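The values are calculated or read from the model by the stated rules, or taken from the named source; none is laboratory data. In this text the structure is predicted, and so the values were computed from the model without any measurement. No Cβ is skipped: glycine too gets one built from the backbone with ideal geometry, and neighbour counts run over all protein chains shown. These area figures cover heavy atoms from the full protein model, side chains too; ligands, DNA and RNA do not enter into them. Shrake-Rupley method; radii C 1.70, N 1.55, O 1.52, S 1.80 Å.
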Amino acid sequence: MSYIDGFVIAVPNANRDQFIEHARTFDAYFMEHGATRIVECWADDVPDGKVTDFRRAVQATQDEAVVFSWVEWPDKAARDAGMAKIMEDPRMPGPGEMPFDGKRMIFGGFVPVVSLPD
């Protein structure tokens, strides 16, 4: 079964096109290093919750959108090897070179327990 890295970030609405270009460029590097699928999703219907929600999780302001993304890997070993290569890849942007505040990103690795239509 696959392994999933999930990400949630806040991106200024004014940086939408810049973010899409950033994702197209840098997601290709993840694919080069072993990822099998990447999905980047711009918020469309993200309600405010009573206790918590996506916007609060990343401290999104009124002029920011939430982006929900995931990277699929063949397995955790492939993910660990691929992420090590990505962190060493000189093409990857450094701090402050992304169209969003990376300090507010939430992320984690996940083992699928249900996957349809499998």
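Just the accessible area per residue of the chain, please: how many Å² with a 1.4 Å probe?
Values: 7650 Å² over 118 residues.
Here the residues of the chain average 65 Å² of exposed surface.
Charging the Cβ of each Asp and Glu at -1 and of each Lys and Arg at +1, and nothing else, the dipole of segment 1-63 about its Cα centre rounds to 180 debye. Taking the 1.4 Å solvent-accessible surface of the chain as the whole, the part contributed by carbon and sulfur is 57%.
Only helical runs count toward this figure. For the chain, summing -39,500 (n - 2.57) over DSSP H runs of n ≥ 4 and dividing by all residues gives -9000 deg cm²/dmol at 222 nm.
Compute the label zone of Thr25 within segment 56-98: residues whose backbone N is under 18 Å from the point 7 Å along Cα-to-Cβ. Label zone hits: 86-98. In order along segment 58-66, the Karplus-derived 3J(HN,Hα) couplings, from 6.51 cos²θ - 1.76 cosθ + 1.60 at θ = phi - 60°, round to 10, 6, 5, 8, 4, 9, 10, 10, 8 Hz, and Gly and Pro are given as x.
How big is the charge dipole of the chain about its Cα centre, in debye rounded to the nearest 20, if each Lys and Arg gets +1 on its Cβ and each Asp and Glu gets -1 on its Cβ?
Details: 12 positive and 20 negative charges, 55 e Å.
Magnitude of the dipole: close to 260 debye.
Please find, in a Gaussian network model of the chain (springs between Cα atoms separated by less than 10 Å), the residue of Gly82, Gly94, Gly34 whose mean-square fluctuation is greatest. In this elastic network of the chain, the residue with the biggest mean-square fluctuation among Gly82, Gly94, Gly34 is Gly94.
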